[in-house]
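Engineer: One structure, pasted below without further comment.
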Amino acid sequence: MSGDPDDRSPRLNILSQSPLVAGANLNELDQELTPTGQFFVRNHFPMPDVDLDSWALKVEGHGGRTVYLDQHILRDMPTIEVDCLLECAGNSRAAIQPPIEGLLWDRGAVGTASWKGVPLCAVLQKAGDLGSTTDILLEWADRGAEDGMSGEAAYAMSIPLKKALDLNTILAYEMNGEPLLPEHGSPLRAIVPGWYGMTSVKWLQRVSLLTKPHEGFGQSDYYVYLQEGAANGAQPQRVTAMAVKSLITWPTRGLTLSPGKHTIRGMAWSGEGSMSKVEMSVNNGETWLPAQVGKTKSSYAWQKWEFVWEAGQAGHFLVRARATDKNGRIQPIRAYWNFRGFANNAIHAVPVTVK
Ligand SMILES: Nc1nc2c(c(=O)[nH]1)N[C@H]1C(S)=C(S)[C@@H](COP(=O)(O)O)O[C@H]1N2
Ligand SMILES: [Mo]
């Protein structure tokens, strides 16, 4: 059931209470904009206590120049609204073989919302000259201890200057037309379109300029693709842009269908560039037939697709969906295995019975 788009009552599956981690029901992810109450939450640490009256974003410029932007200043700046998908890098981890440690997200750590705020580039302008800046640091207010970390710390994530200056990279204070909820990072969060969620820093407290990418636990040790047998000390590749992916939102796993016409539905997206096609197979990938892919207003949102399946004969079937993006990247049959199970974009296959 997709429900009323204004419905904000939470309907999430809780994976962890503290820190709060909660995912959407796959069959409810069938709207262009995900209602806030169905938008996944991924917190690494307990939520910070933010005193909204005294809060101000600290922006550190070149040569010691510092400006503070409080909520009034931010709201007086030119605004931008972007429909943007967020996917956690660990989404679909539960489907990876051999199984790995980590939050066992099924497929619900993804959603698209409309985010309103100020472009990061406008905030950087207030800090003056960029000098020899190559990267922008986005610092979290929340802190804590996590497996593999020595002691307690706050995360910070840097993004390359080019990404930071992209007009669609924003510091958002509204989500789906309402002030950001605490669990989504109020009063201010970054939205970095096209990248996995970890750089869309919530409870943003400080922005500063770097002359090389940041090196911290979150960025250099955690959100990286650790390969089997990789030499100790070798710097692994960082998790950045989202892979091309599609999900089947209907039918749900294990459904029994009557013979005849059924509309298979789902969503598809890619971190870099929009979808070129989504194809369906019900015969173990022997033949693929094109699904109808909907349009989007924003190249950072997902696209709806559907396919009318003429289920003729009775039997057991695996319904598969496979997306290809404009750059020709296509979903693989099997997930690319890495130690933390990031970026699983393997073809989604849903077993159904026709009877
Ligand atoms: N400060 C802070 N920012 C954060 C996180 C966090 O734990 N703390 N989690 C990140 C991760 S891993 C993801 S996937 C997204 C999730 O955003 P959401 O909870 O609004 O869905 O926020 C990112 N930003
Ligand atoms: Mo994430």
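Engineer: Going residue by residue through the stretch 111-119, is there one that turns out to be in contact with a strand residue (DSSP E or B) (Cβ under 7 Å, 6 or more places away or on another chain), more than 27 Å from V59 (Cβ to Cβ) and within 15 Å of ligand 1 (Cβ to nearest atom)?
Structural biologist: yes
Engineer: With L180, L165, L124 as the choices, which residue is under 24 Å from W302 (Cα atoms) and touching a helix residue (DSSP H, G or I) at 6+ places or on another chain (Cβ under 8 Å)?
Structural biologist: Details: L180 fails: touching a helix residue (DSSP H, G or I) at 6+ places or on another chain (Cβ under 8 Å); L124 fails: under 24 Å from W302 (Cα atoms).
One residue alone meets the criteria, L165.
Engineer: Checking the structure you have, find out if any residue of the stretch 166-188 is touching a strand residue (DSSP E or B) at 6+ places or on another chain (Cβ under 8 Å), more than 16 Å from ligand 1 (Cβ to nearest atom) and assigned to a loop (DSSP other than H, G, I, E, B).
Structural biologist: yes
Engineer: Please enumerate the residues belonging to the stretch 283-297 that are under 23 Å from A314 (Cα atoms), touching a residue at least 24 places away in the same chain (Cβ under 8 Å) and open to solvent by 100 Å² or more (accessible area, probe 1.4 Å).
Structural biologist: Correct list: N284 only.
Engineer: Within the stretch 97-112, restricting attention to residues that are open to solvent by less than 10 Å² (accessible area, probe 1.4 Å) and within 15 Å of ligand 2 (Cβ to nearest atom), which residue is farthest from K297 (Cα to Cα)? Before you say what the answer is, go through the steps one by one.
Structural biologist: So in the stretch 97-112, the residues open to solvent by less than 10 Å² (accessible area, probe 1.4 Å) come out as 105, 108-112.
Within this subset, residues satisfying the condition of being within 15 Å of ligand 2 (Cβ to nearest atom) are 105, 108-111.
On the way: W105: 28, G108: 23, A109: 22, V110: 18, G111: 16 Å.
So, considering only residues that are open to solvent by less than 10 Å² (accessible area, probe 1.4 Å) and within 15 Å of ligand 2 (Cβ to nearest atom), the one farthest from K297 (Cα to Cα) is W105.
Engineer: Then there's this: Quick check on my filter: what residues within the stretch 179-229 are open to solvent by 20 Å² or more (accessible area, probe 1.4 Å), at pLDDT below 95 and within 13 Å of ligand 2 (Cβ to nearest atom)?
Structural biologist: Y222 - this is the single residue of the stretch 179-229 that is open to solvent by 20 Å² or more (accessible area, probe 1.4 Å), at pLDDT below 95 and within 13 Å of ligand 2 (Cβ to nearest atom).
Rundown of residues vs (1) among the charged types (D, E, K, R); (2) within 17 Å of the chain's Cα centre (by Cα); (3) surrounded by 15 or more Cβ atoms within 10 Å (Cβ to Cβ); (4) outside the structural domain of G108 (by TED's automatic domain parsing), yes/no style:
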residue	(1), (2), (3), (4)
G260	no, no, no, yes
S299	no, yes, yes, yes
W305	no, no, yes, yes
A311	no, no, yes, yes
H316	no, no, no, yes
A335	no, no, yes, yes
F339	no, no, yes, yes
A346	no, yes, yes, yes
A349	no, no, yes, yes
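The values are calculated or read from the model by the stated rules, or taken from the named source; none is laboratory data. Here the structure is a predicted model, which means the values were calculated and not measured. A quick note on method: Cβ atoms are made from the backbone with ideal geometry, for glycine too, and the neighbour counts reach across all protein chains shown. Quick note on the areas: whole protein, heavy atoms, side chains included, nothing else; ligands and nucleic acids left out. Shrake-Rupley method; radii C 1.70, N 1.55, O 1.52, S 1.80 Å.
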